[in-house]
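Since the structure comes first, as C-alpha cells, the remarks are kept for the end.
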Amino acid sequence: MDFQPDRNLEAFRQTVRAFLRERLPADLVRPLRTGTRSAREDVTRWQRILNEQGWGTPSWPAEHGGPGWSVQERLVFDEECIAAGAPTQDGGAQKLLGPVLNAFGTPAQKAAHLPLLLSGERQWCQGFSEPGSGSDLASLRTRADRVTDDEGDHYVVNGQKIWTSYAHRADWIFMLVRTDQDAKKQAGISFLLVDMKTPGITVRPIRSIDDCHHLNETFFDNVRVPVSNRVGAEGEGWAITKFLLNNEHASTADLPVLRRYLKQLRSLAVRARDGERPLFERTSFALRLARLEAETNAIVMMVQRVAALEQDHSSAAHAMGSILKIRATELQQQLSAFLVESLGDHGAIAYPGPQEKSAAALPMQEHGRGLANEMFFRRASTIYGGTSEVQRGIVARALFQF
Ligand SMILES: Cc1cc2nc3c(=O)[nH]c(=O)nc-3n(C[C@H](O)[C@H](O)[C@H](O)COP(=O)(O)OP(=O)(O)OC[C@H]3O[C@@H](n4cnc5c(N)ncnc54)[C@H](O)[C@@H]3O)c2cc1C
C-alpha cells in the first residue's frame, strides 16, 4: 500500500474549511470535552446542514448515499470539524447501525430508519452489554419471547442492559436479545430495533469517574416489540454483531483526538514554565513529546493499513483492527495523562469543564479546562469497544492461524 501524502488532500482540507466557515452557525460552536456529545438539538441542527451538503454520513461509501471519501479525507474532515468546534454527530448510528441496516435491513426498515438517521431526528443507543455479559457477550440473558395475539406478531422483551451510552436521550435502541433459550449460545441471539418510548423501558443513570452522565442501566419489563423490528433472520444476531464489532474497532482509534492532544501539548510546551524556562526546553519533556508524536504517526499509517485490508476483504483485517484499537487507545491514555502532568502543580486543580462557568479565574485555566476529566474518561477507552485483553486474544488466535 502507498503511504505517500495525497497531493489532493490539501485542496480537500481547504474545501472543508471553507464549508465550515460558511455553514457552521456561530451559536453551534461550543467547546466540548472529547468523549462527550453535543446537546441533542445541536446534533440534529448540524446533521441537517451536513446532510444538505451531501456530507451527512462521512464514513459511508457512495453506493449507500455517503460522500465516498477515502480514509484520509474522512480524517481531515473529522479534524477540521473538531478544530472549528462543530457539534458531534450520532457516531453509533452512523458507524455501527447504518452499515448494519445497509447490509442486513429489509427495504421497509431502511425506509423507516435511514432518512431519520440522516436528518439527525432519530438518535440511537447501543444495547449489547449486560451485567455479567460484556466481553463474553454471547452469554447475554435478556430474552425475547415471541407471541402472536390480537395486536399482531411481537416479541416480549425482559432483562437488563448496562453501560448503555446516552440511553437517557436516545429515541431508539439497537439491541441483542436471546430468542432461543435452548440453542447453542451464539445461535440463539437476534438483533432488534426498539423505540425507547415503548412502555416497560426504564433508564437509570450511572455517573462515571470523569464526572459526567453518559452511561446508564436500561431495564426491559415486558416490552412489546413488533417482529418486523428484527434485523436479519431470527438467531442471526451473532453474525450481524461480528460485522458491527469490526466497524467498532476502527472507529475507537479516534485519530483526530490524538492529533488534538498533541496540539494542546505543543501549546503547553511554550506556555507552561519549568522554573524560568519554557517547558519544551526540558529534555525529558521534549523527548517524551517526540516519542508520542512518532507513535501518533504510526497510528496514522495503521489506520490506512486497516482500511486497505478491509477494502481487500483480507482475513488479516480483523486482527489488525484489534492491534490498532489496543495501540490507539493506549496512546489516548498516555497523551491525556501527559497533558495533566504538564500542568505541573496545576494538574491537581479541578478545573471546570469547557462549558461550565467558573466563579474565579484559575491559573493556567485556559489550558487546564476539562483536562483531568478527559484523562479520567480515557481510562475507559481500553474497555469500551472490547477490552485490550480481549483484543490481544484476537491477535493471538489470528497468529496461530498464519
Ligand atoms: C465508557 C463506556 C461506554 C460504554 N458504552 C456501551 C454502550 O453504549 N453499549 C454497550 O452495549 N456497552 C457499552 N459499554 C460496555 C463495554 O462494551 C464493556 O464494558 C466491555 O465489553 C467489557 O465488558 P465488562 O465491563 O462486562 O467487563 P468483563 O468482560 O467482565 O471484563 C472484566 C475484566 O476481565 C478481562 N477479560 C474478560 N474476558 C477475557 C478474556 N477472554 N481474556 C482475557 N481477559 C478477559 C477484561 O479484559 C477485563 O479486564 C461501555 C463501556 C464503557 C466503559
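The values are calculated or read from the model by the stated rules, or taken from the named source; none is laboratory data. Here the structure is a predicted model, which means the values were calculated and not measured. Note that we place each Cβ from the backbone using ideal geometry, even for glycine, and neighbour counts take in every protein chain shown.
Which of the numbered conditions does residue 164 fail, given that it passes all the others? Conditions: (1) of a type in the set (Val, Ile, Thr); (2) modelled with pLDDT of 95 or more; (3) over 13 Å from residue 229 (Cβ atoms); (4) part of a strand (DSSP E or B).
The failed condition is (4).
Go through (1) of a type in the set (S, T, N, Q); (2) within 16 Å of the ligand (Cβ to nearest atom); (3) not in a loop (DSSP other than H, G, I, E, B) for residue 89 and report which single condition fails.
Failed condition: (3).
Residue pairs, Cβ under 6 Å, 6 or more apart or interchain, first in the range 62-74 and outside the structural domain of residue 310 (by TED's automatic domain parsing), second of a type in the set (Val, Ile, Thr) and surrounded by 18 or more Cβ atoms within 10 Å (Cβ to Cβ). List them.
66/57
If a residue has to be over 16 Å from the mean Cα position of the chain (by Cα) and buried (at least 20 other Cβ atoms within 10 Å of the Cβ) to count, how many in the range 87-104 make the cut?
Of the residues in the range 87-104, 1 are over 16 Å from the mean Cα position of the chain (by Cα) and buried (at least 20 other Cβ atoms within 10 Å of the Cβ).
For the range 99-131, give me the residue count where each residue is under 23 Å from residue 169 (Cβ atoms), more than 16 Å from the ligand (Cβ to nearest atom) and not in a loop (DSSP other than H, G, I, E, B).
Initially, the range 99-131 is screened for residues under 23 Å from residue 169 (Cβ atoms), giving 99-101, 109, 112-131.
Okay, now just the ones that are also more than 16 Å from the ligand (Cβ to nearest atom), so 99, 101, 109, 112-122.
Okay, now just the ones that are also not in a loop (DSSP other than H, G, I, E, B), so 99, 101, 109, 112-119.
Total satisfying the criteria: 11.
Which residue, of 109, 181, 186, 126, is touching a residue at least 60 places away in the same chain (Cβ under 8 Å) and within 22 Å of residue 236 (Cα to Cα)? Write out each step before concluding.
Values: 181 fails: touching a residue at least 60 places away in the same chain (Cβ under 8 Å); 186 fails: touching a residue at least 60 places away in the same chain (Cβ under 8 Å); 126 fails: touching a residue at least 60 places away in the same chain (Cβ under 8 Å).
So the residue among 109, 181, 186, 126 that is touching a residue at least 60 places away in the same chain (Cβ under 8 Å) and within 22 Å of residue 236 (Cα to Cα) is 109.
Which of the following residues is aliphatic (A, V, I, L, M) and more than 29 Å from residue 59 (Cα to Cα): 268, 255? Walk me through it before giving the result.
Values: 255 fails: more than 29 Å from residue 59 (Cα to Cα).
From the options 268, 255, the qualifying one is 268.
On the given criteria, is residue 372 modelled with pLDDT under 95, outside any helix (DSSP H, G or I), more than 19 Å from the chain's Cα centre (by Cα) and away from the ligand (no atom under 16 Å from the Cβ)?
Details: modelled with pLDDT under 95: yes; outside any helix (DSSP H, G or I): no; more than 19 Å from the chain's Cα centre (by Cα): yes; away from the ligand (no atom under 16 Å from the Cβ): yes.
Criteria not met by residue 372.
Condition test on residue 159, is it outside the structural domain of residue 40 (by TED's automatic domain parsing), over 27 Å from the mean Cα position of the chain (by Cα) and at positive phi? Before you say what the answer is, go through the steps one by one.
Values: outside the structural domain of residue 40 (by TED's automatic domain parsing): yes; over 27 Å from the mean Cα position of the chain (by Cα): no; at positive phi: yes.
Here the answer is no, as residue 159 does not meet what is asked.
Consider residue 217 carefully, then state whether it is surrounded by 13 or more Cβ atoms within 10 Å (Cβ to Cβ) and in a strand (DSSP E or B). Don't jump to the end; show me each part of the working.
Numbers: surrounded by 13 or more Cβ atoms within 10 Å (Cβ to Cβ): yes; in a strand (DSSP E or B): yes.
Against the criterion (surrounded by 13 or more Cβ atoms within 10 Å (Cβ to Cβ) and in a strand (DSSP E or B)), residue 217 qualifies.
Could you look through the range 39-60, keep only residues that are acidic (Asp, Glu) and surrounded by fewer than 16 Cβ atoms within 10 Å (Cβ to Cβ), and pick out the one that is nearest to residue 72 (Cα to Cα)? Break it down into steps so the answer makes sense when it comes.
Keep residues of the range 39-60 that are acidic (Asp, Glu), which gives 41-42, 52.
Those left that are additionally surrounded by fewer than 16 Cβ atoms within 10 Å (Cβ to Cβ): 41, 52.
Values: 41: 29, 52: 22 Å.
Out of the qualifying residues, it is 52.
Is at least one residue of the range 43-53 closer than 25 Å to residue 304 by Cβ, away from the ligand (no atom under 16 Å from the Cβ) and not in a loop (DSSP other than H, G, I, E, B)?
Yes.
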